[in-house]
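**Student:** First, the structure itself, so that you have it in front of you.
The values are calculated or read from the model by the stated rules, or taken from the named source; none is laboratory data. Owing to the predicted nature of the structure, the values given are computational and were not obtained by experimental measurement. Methodologically, a virtual Cβ is constructed for each residue, glycine included, from the backbone with ideal geometry; neighbour enumeration extends over all protein chains shown. In case anyone asks, the SASA skips ligands and DNA or RNA and just uses the protein heavy atoms, side chains included. Shrake-Rupley method; radii C 1.70, N 1.55, O 1.52, S 1.80 Å.
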Amino acid sequence: MVGFAGRRTREGEDVVKSPKYINSPESPIFSKRQHFYGFPSAVVGAKDRGYLFLVEGYADSLRL
């Protein structure tokens, strides 16, 4: 694992200006645009099934 992410769960005026999602900052070992979450395990399934679903975020990947 190279990064973590979370989603804000509280609502209200104090969090209106804060981001909805909180992600790990970019670093020498983590560049968000260079990593596909779940890709190594998806490749195994794609080889068996002959197709691959590409989804936008890690939560979408987990739902599949």
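**Student:** Could you please tell me which pairs satisfy a Cβ distance under 6 Å, a separation of 6+ or placement on different chains, a first residue in segment 36-64 that is more than 26 Å from residue 7 (Cβ to Cβ), and a second residue that is open to solvent by less than 100 Å² (accessible area, probe 1.4 Å)?
**Tutor:** 46/52
**Student:** Let me ask something else. For segment 20-30, enumerate the residues that are surrounded by 10 or more Cβ atoms within 10 Å (Cβ to Cβ) and either at pLDDT 85 or above or under 12 Å from the mean Cα position of the chain (by Cα) (or both).
**Tutor:** Listed by number, the residues that qualify are 21, 22, 23, 24, 26.
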